[in-house]
Amino acid sequence: MLAYFDIFAGISGDMVLGALVDAGLPLAALEETIAALGLSKEITITAHPVRKGSLMGTKVDLECHPSGPSDPPQRGLKEILALIRGSALPAQVQASASRIFQRLGEAEAALHGTSPEEVHFHEVGALDALVDIVGAVAGLHALGVTRIVSSPVPLSRGCVRSAHGALPAPAPATLALLAGCPIYGIDLDLENVTPTGAALISTLAESFGPIPTMVLQRTGHGAGSLDFPIKVGSSAKDYGAPIPNLLRLFLGEETASSGLQAETLSLLSTNIDDMPGEWFGPLFDQLLAAGALDVWLAQVQMKKNRPAVVIHVLAEPLTAPGLRLLLLRETTTLGVREERVSRWSLPREIRRVLTPWGEVRVKVARLPDGSEKGNPEFEDCRRLAEAHQVPLREVYQAALQSHRARAEQKEPF
């Protein structure tokens, strides 16, 4: 089964548990997880429906019962891993939960200049966070989830309290755990992504992007503790309805068309009506060298009837900031627009074929029905055409024919 997490407001460990229960996971399954960890006498779990904004969701609450007069003791990575390994949980659940805590330990250690073995997790080492992480992994396992995809992660700003004092939001550990994941900012002065939530989604999600093609079977809404206001005016006092502090979960089966690769990309654009044409060639080279996936121009008519062009730059979200600065530095524009777009692409690979003049790479794409289509690499064809003084089209056609012949004979590439 495929699980897709739609993180439109934020994510935390209890929100993941709430989404799982709301999608049909019996609360008894989480109680069994607590029992498998040997913590039944120390923690009680409950679930109840709540309203967040205009939507309903499930709120999962954990109540700790310290065995002594003081709070539960802080746990280090070694103690937590030993507790998980000594449990009666399935091996797959133990492995995934241990990997999440290992990443948490490494993130905390890097921030505080120590080793993972010496880290005391404070908030994420408490009983409730331990159940959040292990319960989430065990719940996904119980529902039969085999693949997890997530939307990009929204991040707020502000300050949060921690065992280390006041910290900026997102917490440093949250940012460390989300390294390599697509993120974007939202206008909130609250913590909307916790280290536990960041550890879960960054470790378990196979990819980040739009909703994969799937046959939807169930949905779930996991509720957080806070209600988030959203600004609708220029004044700090202008607020509209609160953002539903919910995490949305889609469960379903993948279809054949899921063979397409889904990506969320950034599309940058800017209008230019006062730049010499000679500047565009070097600009394109710089943009592509800086990580742009594609660059193109579109002719437009601007104000005062001036002919102009729109520069479009398609990029991964992580490389978009650098490309924005490059556009502002290397062109006459005073501003750059940015929007998120979804791209569906065919899986592809590079194969090599022989022509009378030498080897040519062929880019081969696989369609959802299993068929293929290939195109010879232009630069290879041009290089051979120039070296052997033959028409470019002859080299291209020879490479294409060679590829088709080998494909029909099903010869290995």
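The values are calculated or read from the model by the stated rules, or taken from the named source; none is laboratory data. Please read all numbers here as calculations on a predicted model, not as lab measurements. Neighbour counts run over all protein chains shown; Cβ positions are idealised from the backbone, glycine included.
Results, tabulated for the structure shown:
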item	result
Qualifying residue in segment 180-202 (condition: among the aromatic types (Phe, Trp, Tyr) and either closer than 14 Å to Gly10 by Cα or not assigned by TED's automatic domain parsing to the domain that holds Ala95 (or both))	yes
Among (1) at pLDDT 90 or above; (2) within 30 Å of the chain's Cα centre (by Cα); (3) of a type outside the set (A, V, I, L, M); (4) over 30 Å from Val310 (Cβ atoms) - the single one Lys363 does not satisfy	(4)
Among (1) loosely packed, with under 14 Cβ neighbours inside 10 Å; (2) not in a strand (DSSP E or B), the one test that Leu297 misses	(2)
Tabulated pairs, segment 15-42, first outside the structural domain of His141 (by TED's automatic domain parsing) and of a type in the set (A, V, I, L, M, F, W, C), second modelled with pLDDT of 95 or more and not in a helix (DSSP H, G or I), C-beta under 8 angstrom, 6+ apart or interchain	none
Test: residue in segment 308-327 that is more than 25 Å from Pro182 (Cβ to Cβ) and loosely packed, with under 14 Cβ neighbours inside 10 Å	no
Members of segment 307-351 that are at pLDDT below 85 and among the acidic types (Asp, Glu)	Glu349
Any hit, segment 318-327, residues being in contact with a strand residue (DSSP E or B) (Cβ under 8 Å, 6 or more places away or on another chain) and farther than 18 Å from Leu288 by Cα	no
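For (1) free of Cβ contacts under 8 Å to residues at least 60 places away in the same chain; (2) within 30 Å of Val310 (Cα to Cα); (3) among the aromatic types (Phe, Trp, Tyr), each residue gets a yes or a no:
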position: Leu327; (1), (2), (3): yes, yes, no
position: Thr333; (1), (2), (3): no, yes, no
position: Glu338; (1), (2), (3): no, yes, no
position: Arg343; (1), (2), (3): no, yes, no
position: Ile350; (1), (2), (3): yes, no, no
position: Leu354; (1), (2), (3): yes, no, no
position: Pro368; (1), (2), (3): no, no, no
position: Glu372; (1), (2), (3): yes, no, no
position: Arg383; (1), (2), (3): yes, no, no
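Matching residues to (1) outside any helix (DSSP H, G or I); (2) loosely packed, with under 15 Cβ neighbours inside 10 Å:
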{"site": "Glu359", "(1), (2)": "yes, yes"}
{"site": "Gly370", "(1), (2)": "yes, yes"}
{"site": "Lys373", "(1), (2)": "yes, yes"}
{"site": "Arg393", "(1), (2)": "no, yes"}
{"site": "Tyr396", "(1), (2)": "no, no"}
{"site": "Ala405", "(1), (2)": "no, yes"}
